[in-house]
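The structure appears right after this line, and notes come after that.
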């Protein structure tokens, strides 16, 4: 089950459950759409993978699998990307389709 991390790991922007801006990689690294597009260029600085829009957890409890029973994590991860350390990875992957990395 996804943690649904509450903030962008790069800029600290709030990304609540219903955010249309939350993006994740396969390891759940969580960034806002602006950082994914303009800073990361769709390359995860941790794994090199691409990003997809993060799903939301239902708020209306029609089953047990809803936000009331499985709340988002309150653990914030703030790890701003170091442009110098990230440059090699970004340059290597940014022009390669994420499914072919």
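FYI, it's all coordinate maths here, none of it is from the lab. All figures in this text were calculated on a predicted structure; none of them were measured in a lab. Neighbour counts are summed over all protein chains in view; Cβ atoms, including those assigned to glycine, are modelled from backbone coordinates with ideal geometry.
Structure above, values below:
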{"read-out": "C-alpha long axis of helix 83-93 to longest principal axis of the chain, angle in °", "value": "90"}
{"read-out": "Cα-projected label distance for residue 84 with residue 68, points at 7 Å along beta-carbon direction, nm", "value": "5.2"}
{"read-out": "Inter-label distance for residue 46 and residue 28, nm, one decimal - labels placed 7 Å from Cα along Cα-to-Cβ", "value": "0.9"}
{"read-out": "Of 75, 90, 53, the one that fluctuates the most in a GNM where the chain has Cα springs shorter than 10 Å", "value": "75"}
{"read-out": "Coordinate range along principal axes, alpha carbons of region 22-101, Å, largest first", "value": "46, 26, 18"}
{"read-out": "Residue among 35, 11, 25 with the largest mean-square fluctuation in a Gaussian network model of the chain, springs linking Cα atoms under 10 Å", "value": "11"}
{"read-out": "Value at 222 nm in deg cm²/dmol, rounded to 500, when DSSP H runs of n ≥ 4 in the chain each add -39,500 (n - 2.57)", "value": "-3500 deg cm²/dmol"}
